[in-house]
Amino acid sequence: MIFDLDGTLIDSIPPYFRLLEGIFDTLGLPQPALALKKEFITTGPAVFEKMIPPEMVADRDAMIRQCLDVGRRISRDMFRDTVDGFPDVKRLFDLLVRHDIRIGIVTTTEREFIERKLLPLKRIGVAAAVDAIVAIEDAPRRKPAPDPLLVCARQLSVNPEHCVYVGDSYVDIRAGCSAGMKTIAVLSGLDDFDTLDRERPTVIVQNIAAIWRTLDEYFSCPNNHEKSGEYLYHA
């Protein structure tokens, strides 16, 4: 089972919006549109190029570097102090480990910041259960292309068609479908039900807790499929 990180395993979407507000306020730039902020969260820092008004900055490359530098300073303590793992992530990971299901994470985070981003998972004692982590630099294309998910599947030594990818944005679900994986969309992060449903995920769930409850019931009583699916919205 492969997971997105932000908005799926850790409750980092509101802090990310505050981070972006802080960057642009610090540099005296107008706040970017909500759609661009969402794009930043799902696809990474390259979106700064679109966020900076072309008429305001002569040296755009220098301003992008300033955005990155300010963001690094502001976010230094963010994942230690203000970001937590979602409820029942530990229960779900413990269940997966108990049933020998390998766990991967695919994120648009840069490799140098992975340890910082894993702090919420370390606090609840599940980071060591992760068998593979794919950062933004680890694949030739980023989500919504399937490349990082396929890299993760190879690292887990599991065929993509036997993988399930869990994410909170349309970018995640599109990537999972393109990779030939089953997909679970969670409503705990960036996108709403209608946005996720348009990507035709295998199922949509309210949160990670719903996945844990469903799998726990399935493994406890595998013949009772009807009961074990009661927490899922089938797309």
Exercise. Can you find even one residue in the stretch 43-60 that is without any contact (Cβ under 8 Å) to a residue 60 or more places away in the chain, at positive phi and outside the structural domain of Thr183 (by TED's automatic domain parsing)?
Worked result: no
For this session: Return the pairs, sorted by first residue and then second, in which the second residue is among the hydrophobic types (A, V, I, L, M, F, W, C) and buried (at least 24 other Cβ atoms within 10 Å of the Cβ), the first residue lies in the stretch 168-192 and is more than 22 Å from Asp88 (Cβ to Cβ) and in the same structural domain as Ile211 (by TED's automatic domain parsing), the beta carbons are less than 6 Å apart, and the residues are 6+ apart or on different chains.
Result: Ala175/Leu149; Ala179/Leu149
Exercise. Is there any pair linking a residue in the stretch 1-28 that is without any contact (Cβ under 8 Å) to a residue 40 or more places away in the chain to one that is part of a strand (DSSP E or B), with Cβ under 9 Å and at least six apart or on different chains, and which?
Worked result: Tyr16/Asp6
Exercise. Do any helices (runs of 4 or more DSSP H) entirely within the stretch 1-108 hold 3 or more residues that are small (Gly, Ala, Ser), and if so, which?
Worked result: 60-75
Exercise. Could you count how many residues in the stretch 117-144 are crowded, with 17+ Cβ neighbours inside 10 Å and not in a loop (DSSP other than H, G, I, E, B)?
Worked result: 10
For this session: Could you tell me whether the stretch 146-167 includes any residue that is modelled with pLDDT under 95 and among the hydroxyl-bearing types (Ser, Thr, Tyr)?
Result: no
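The values are calculated or read from the model by the stated rules, or taken from the named source; none is laboratory data. Predicted model, so just to flag it, every value in this text is computed and none were measured. So basically every Cβ, Gly included, is an ideal-geometry build from the backbone, and we count neighbours across all protein chains shown.
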